[in-house]
Each structure stands twice: as structure tokens, then as C-alpha cells.
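Structure first, then comments.
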Amino acid sequence: MEIVQSLLTKMGIFHKPQIKALTTLFATILIACGKVNFTNLSRYSGRTERTYRRQFKKRFDFAQFNAELIKAATSFHHSMIAVMDCSFIAKSGKKTFGLDQFYNGSHNRVERGLEVSLVAVVDVETEVAYSLLAEQTFDQSECPELTRMDYYLHHLEIAQPQLPPQVRYLAVDGAYAKEAFVKGVRALNLDVISKLRRDANLRYVFEGEQKARGAKRKYDGKVNLADPTRLTMVSELPRANAS
């Protein structure tokens, strides 16, 4: 845990009780069986549930801490990309904060529960991913004027200052392939790598002669991905050698 203590000191945390509590927390998470909550953590460490609750009331910048860990574990000369995705957490009851209808990829359907959004960094050279910042998705009733994509963009905006400087691309699945999200990511100086949605509305840009009067024509028909005859091949990626 020496590296943890050195990183905490680097972050400006010099209060010994807080350093001891955090180092105990990180070590206990690795050995605890079952859910990571205050009650279970107290079973596997010398700290009481009350101590964990008191320490968690203090502000701690997990994104900055994880960013320092990533910096220590990777090389600045390696190519890196950011990735983002959500995980569904089954939860019964009615009083838990954030309960709402979320998509459960394991069952391929929307279910009632909790959702956690994660921004991570992938070292392309070593093919290792490092978590940067996890945030719980709010239920829609908390801020009905905001969409889920607004929440995800806000999450990315919080994490973006802690991304390694060489990160230029964000890889996400097709659920994020919406115009508002892509524009928001571009505003953060990142480019999106994603899969097109089934309902993606792609249209050819009109390049013919414009009429003398009236509004200019912008588009020249809808793109049919099953018919690539109107598309121009730019280059072909080399095939990976089978091992």
C-alpha cells in the first residue's frame, strides 16, 4: 500500500486518519467476499461500520486518484483511448436512490433497478483497461427535463479533465450513437468511435447543380448500407494474423 500512500500525499491528503482509512478501504475491497458495503467491509477489516460511514462523508476525488494510478501504471508513449458504458444492477425494494427503468443487457430488456455509468481508459499497446470514474445514473424523476444522454455527457464532462493527454477518441456502443451525444463529445475535444444504431438516418450529400431560386438542396437520398455501390472505398484494413 506504499504506492497508495504516496499518491494520496501527492493529491494533498496529509491527514493520517484519512490516509489510514483509505488504505484500509482499498485493501479490504480486494479480499472482501460479497457486496462492498459498510457492513461487509467492517467484517473483513479492523475498522467499524461507523468509521467507514464517517470517512465517506468527507470529500475524496476518486477520478484524480485513479488518474494518478493510471499515470503510474502506464507509459506516456503508449496510445490510449477512453471507453464508456453502463452496467445494470438488480435491486428490489422501493426506497433506494436511483431506482428506475434501465436496460439490462444480460436479459436484453428494460428492467427496474439501478445503473452505474463507467468511464475508463484503455492502453492500446498492452490491451489493458483502467477504470477512471464511476457514477450512478439518476432516475428520470429527479430531473425530468434532462435525458439519459444528458446524464452520460455530464459524467464524461466530469471525467474528461482527468483523461491522459494522449486520449483523443471515445469508444462507445450503439446506444450512444445519437446526434446530441456525439456533438457533446466533440465539444469536449474528443472523437466518437461507435456502432451505428438500427434507426440511423444516413443521407448522401447533394453535390449536383443547384437550382437558381429557392432553398439549396442539401441531401441526395437515404443511404442503403445493403447497397454500397454509391460508396467509394478509401482503403482496406490489413487482416490480423490468426494465432
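What residue, of ARG53, ARG47, is of a type in the set (Lys, Arg) and either in contact with a strand residue (DSSP E or B) (Cβ under 7 Å, 6 or more places away or on another chain) or assigned to a helix (DSSP H, G or I) (or both)?
Working: ARG47 fails: either in contact with a strand residue (DSSP E or B) (Cβ under 7 Å, 6 or more places away or on another chain) or assigned to a helix (DSSP H, G or I) (or both).
Among ARG53, ARG47, only ARG53 is of a type in the set (Lys, Arg) and either in contact with a strand residue (DSSP E or B) (Cβ under 7 Å, 6 or more places away or on another chain) or assigned to a helix (DSSP H, G or I) (or both).
Out of PHE88, PHE65, PHE38, report the one residue that is without any contact (Cβ under 8 Å) to a residue 60 or more places away in the chain and either small (Gly, Ala, Ser) or closer than 23 Å to LEU190 by Cα (or both). Please lay out each step first, then the result.
Details: PHE88 fails: either small (Gly, Ala, Ser) or closer than 23 Å to LEU190 by Cα (or both); PHE38 fails: either small (Gly, Ala, Ser) or closer than 23 Å to LEU190 by Cα (or both).
Being without any contact (Cβ under 8 Å) to a residue 60 or more places away in the chain and either small (Gly, Ala, Ser) or closer than 23 Å to LEU190 by Cα (or both) holds for just one of PHE88, PHE65, PHE38, which is PHE65.
Looking at the stretch 161-178, which of its residues are more than 30 Å from PHE76 (Cβ to Cβ), in a loop (DSSP other than H, G, I, E, B) and among the aliphatic types (A, V, I, L, M)? Outline the logic, then answer.
Restricting attention to the stretch 161-178, the residues satisfying the condition of being more than 30 Å from PHE76 (Cβ to Cβ) are 174-175, 177-178.
If we keep only those that are in a loop (DSSP other than H, G, I, E, B) as well, we get 177-178.
Matches in the stretch 161-178: ALA177 only.
Name the residues in the stretch 20-33 that are more than 24 Å from the chain's Cα centre (by Cα) and open to solvent by 30 Å² or more (accessible area, probe 1.4 Å), would you?
Hits for the stretch 20-33 are LYS20, THR24, ALA27, ILE31, CYS33.
Can you report the number of residues in the stretch 179-232 which are in a loop (DSSP other than H, G, I, E, B), open to solvent by less than 90 Å² (accessible area, probe 1.4 Å) and among the β-branched types (Val, Ile, Thr)?
1
Need pairs with beta-carbon distance below 7 Å; first residue within 16 Å of VAL116 (Cα to Cα) and without any contact (Cβ under 8 Å) to a residue 40 or more places away in the chain and within the stretch 137-156, second open to solvent by 30 Å² or more (accessible area, probe 1.4 Å) and of a type in the set (Gly, Ala, Ser); sequence gap 6+ or separate chains.
Between residues of the stretch 137-156 that are within 16 Å of VAL116 (Cα to Cα) and without any contact (Cβ under 8 Å) to a residue 40 or more places away in the chain and residues that are open to solvent by 30 Å² or more (accessible area, probe 1.4 Å) and of a type in the set (Gly, Ala, Ser), the close pairs are MET149/ALA180.
Scanning the stretch 42-59 for residues that are under 30 Å from LEU163 (Cβ atoms) and out of contact with any Leu (no Cβ under 7 Å at 6 or more places or on another chain), which turns out surrounded by the most Cβ atoms within 10 Å (Cβ to Cβ)? Even if it seems obvious, please write down each step before you answer.
Pass one, the stretch 42-59, residues under 30 Å from LEU163 (Cβ atoms): 52, 55-59.
Right, trim to out of contact with any Leu (no Cβ under 7 Å at 6 or more places or on another chain) and you get 55-59.
Details: GLN55: 18, PHE56: 12, LYS57: 6, LYS58: 12, ARG59: 5.
Step by step, filter the stretch 42-59, then rank; the result is GLN55.
Applying the selection to the stretch 1-19, what residues are more than 12 Å from PHE65 (Cα to Cα) and either of a type in the set (A, V, I, L, M, F, W, C) or surrounded by 15 or more Cβ atoms within 10 Å (Cβ to Cβ) (or both)?
Once the filter is applied, which keeps residues that are more than 12 Å from PHE65 (Cα to Cα) and either of a type in the set (A, V, I, L, M, F, W, C) or surrounded by 15 or more Cβ atoms within 10 Å (Cβ to Cβ) (or both), the stretch 1-19 yields MET1, PHE14, ILE19.
The values are calculated or read from the model by the stated rules, or taken from the named source; none is laboratory data. Quick caveat: nothing in here was measured; it's all calculated off a predicted structure. Glycine also receives a Cβ, built like all others from the backbone with ideal geometry; neighbour counts cover every protein chain displayed. Side chains included, ligands, DNA and RNA excluded: accessible areas come from the protein's heavy atoms. Shrake-Rupley method; radii C 1.70, N 1.55, O 1.52, S 1.80 Å.
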